[in-house]
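Report on one structure; see the data block that follows.
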Amino acid sequence: MKPDDKSLFLDAMEDVQPLKRCTDITWQPSRNQRTRQSIDTSQLDNFLTLGFLDVLPLAEPLTFQREGIQQGVIDKLRTGKYPRQASLNLLRQPVEQCRQLLFSFIQQAQQNGLRNLIIIHGKGREDNSHANIVRSYLARWLTEFDAVQAVCVALPHHGGSGACYVALQKSGEAKLENRERHAKRSR
């Protein structure tokens with residue numbers, strides 16, 4: 001400050017009284033400072049639908065099988081003979097978060113070449129319970145993935161009707177490896 005500015009400031013402030021009680025002061029946050037929200041770019045391609053839902057009755061098991069899948073594969077999946085390579089827990093999660101988690105989980109499993117998954121969704125006592133709503137959405141969402149070949153209810157020690165096994169199709173690398181392995185045997 002210049003000497004003239006200082007004297008002008010002191011003249012302007014000469015009748016100002018300091019505040020006695022500081023507990024009465026509440027500072028308002030400045031309006032210009034916003035917290036930046038990061039955009040989850042992995043969810044931009046999320047094609048899973050949330051609209052109208054046909055709620056599955058509790059007695060109806062969660063099952064799905066693509067055309068062309070052998071019955072032996074389904075039987076092995078249902079009896080838990082395939083090792084579970086990854087699991088996803090959706091217990092007590094909001095439906096939108098379940099949608100995002102499932103999308104990311106299946107995408108990651110495909111990228112890592114995983115084939116056998118378990119998804120824990122919980123089970124409710126009534127048809128309109130939250131767990132059954134998530135289960136009903138899960139039944140729809142899993143059919144929307146081209147990579148999902150089969151879905152069935154898990155064994156009791158893996159969660160029973162509150163969980164499901166999911167079989168994904170083989171990656172291109174796994175198919176090639178399988179062809180090479182079987183071609184060597186036939187020579």
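The values are calculated or read from the model by the stated rules, or taken from the named source; none is laboratory data. Keep in mind it's a predicted model, so treat the numbers as computed, not measured. When we count neighbours, we look across all protein chains shown, and the Cβ atoms used for this are built from the backbone with ideal geometry, even at glycine. With ligands, DNA and RNA removed, areas are computed over all heavy atoms of the protein, side chains included. Shrake-Rupley method; radii C 1.70, N 1.55, O 1.52, S 1.80 Å.
Show the residue pairs meeting these rules: Cβ distance below 7 Å; 6+ apart or different chains; first residue within the stretch 60-85 and within 12 Å of Gln149 (Cα to Cα) and open to solvent by 60 Å² or more (accessible area, probe 1.4 Å); second residue aliphatic (A, V, I, L, M) and assigned to a helix (DSSP H, G or I). Every condition considered, the pairs that remain are Gln65/Ile74.
Residue by residue, here is whether (1) hydrophobic (A, V, I, L, M, F, W, C); (2) open to solvent by 10 Å² or more (accessible area, probe 1.4 Å); (3) out of contact with any Phe, Trp or Tyr (no Cβ under 9 Å at 6 or more places or on another chain); (4) under 19 Å from Glu173 (Cβ atoms) holds:
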residue: Cys98; (1), (2), (3), (4): yes, no, no, no
residue: Leu101; (1), (2), (3), (4): yes, yes, yes, no
residue: Phe105; (1), (2), (3), (4): yes, yes, yes, no
residue: Tyr137; (1), (2), (3), (4): no, yes, yes, no
residue: Thr143; (1), (2), (3), (4): no, yes, no, no
residue: Gly159; (1), (2), (3), (4): no, yes, yes, no
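Residues in the stretch 74-101 that are assigned to a helix (DSSP H, G or I) and in contact with a strand residue (DSSP E or B) (Cβ under 7 Å, 6 or more places away or on another chain): Ile74, Leu77, Arg78, Leu101. Of all residues in the stretch 138-187, which are in a loop (DSSP other than H, G, I, E, B) and not polar (S, T, N, Q)? Scanning the stretch 138-187 gives Phe145, Asp146, Ala147, Ala154, Leu155, Gly159, Lys170, Arg187. Could you tell me whether Glu126 is open to solvent by 30 Å² or more (accessible area, probe 1.4 Å), out of contact with any Cys (no Cβ under 8 Å at 6 or more places or on another chain) and in a helix (DSSP H, G or I)? The answer is no for Glu126.
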